[in-house]
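The values are calculated or read from the model by the stated rules, or taken from the named source; none is laboratory data. Keep in mind it's a predicted model, so treat the numbers as computed, not measured. Glycine also receives a Cβ, built like all others from the backbone with ideal geometry; neighbour counts cover every protein chain displayed. Protein only, heavy atoms only, side chains kept; ligands, DNA and RNA dropped before computing areas. Shrake-Rupley method; radii C 1.70, N 1.55, O 1.52, S 1.80 Å.
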Amino acid sequence: MVQATPFLLVLFLALGAHGLSTEKCNLTGTWVNDLNSNMTIFNVSEKGDFTGIYHTAVSATPKKIEESPLLGPQHLPNPLSQPTFGFTVHWSFSDSITVFTGQCFVDEDGKEVLKTMWLLRSRVENIKSDWKATRVGYNEFQRLK
Ligand code: BTN
């Protein structure tokens, strides 16, 4: 028991220090992605729900791009260390919907980064065209200073 005590103390301190040093990643704020799209996420509620505004830099349609609302949940508590999240963008200028899912990380330089994947569902005229209605992709977001 006497020999085990210092070992347990070192283990406890190591685990405690690691727990304290785990950096938090907070979704609230303005972000820009690798396509130069940007989004602002407003406050995350106590239930983990959030809203925001998405301004895409690109579009699959020829329509004029406009800001569009986004809505989603994240895992709690906020800010949880590196939480998973999802959100839907209800495009205001097209008939499409995009769903994003991802995780908020703190990288080796201490910078927050959102690693996401998305599905973009476009409206097609008939069921025979369903096969070409969904695009899939990857976006990485950095916090806009
Ligand atoms: C549309 O084309 O109907 C609406 C705009 C879709 C923009 C897509 S969503 C996934 C990808 N990431 C972006 O930031 N923009 C594109």
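The condition (being within 14 Å of the ligand (Cβ to nearest atom), open to solvent by less than 40 Å² (accessible area, probe 1.4 Å) and in a loop (DSSP other than H, G, I, E, B)) is satisfied by just one residue among F93, F87: F93.
Counting only strands (runs of 3 or more DSSP E) that sit wholly inside region 20-69, those with at least 3 residues that are under 15 Å from Q142 (Cα atoms) are 29-33, 38-41.
Here H90 clears all of (1) under 28 Å from K47 (Cα atoms); (2) in contact with a strand residue (DSSP E or B) (Cβ under 9 Å, 6 or more places away or on another chain); (3) in contact (Cβ under 8 Å) with a residue 24 or more places away in the chain except the condition numbered (3). Would you call L80 without any contact (Cβ under 8 Å) to a residue 60 or more places away in the chain, of a type in the set (A, V, I, L, M, F, W, C), in a strand (DSSP E or B) and surrounded by 14 or more Cβ atoms within 10 Å (Cβ to Cβ)? Answer is no for this residue.
Would you confirm whether or not region 112-122 contains a residue that is open to solvent by less than 60 Å² (accessible area, probe 1.4 Å), away from the ligand (no atom under 13 Å from the Cβ), within 13 Å of N26 (Cα to Cα) and not in a loop (DSSP other than H, G, I, E, B)? Please lay out each step first, then the result.
To start, the set of residues in region 112-122 that are open to solvent by less than 60 Å² (accessible area, probe 1.4 Å) comprises 112-114, 116, 118, 120, 122.
Next, from what is left, pick out any that are away from the ligand (no atom under 13 Å from the Cβ): 112-113.
Going one step further and asking which of them are within 13 Å of N26 (Cα to Cα), we end up with 112-113.
Remaining after also requiring not in a loop (DSSP other than H, G, I, E, B): 112-113.
Looking through region 112-122, at least one residue is open to solvent by less than 60 Å² (accessible area, probe 1.4 Å), away from the ligand (no atom under 13 Å from the Cβ), within 13 Å of N26 (Cα to Cα) and not in a loop (DSSP other than H, G, I, E, B).
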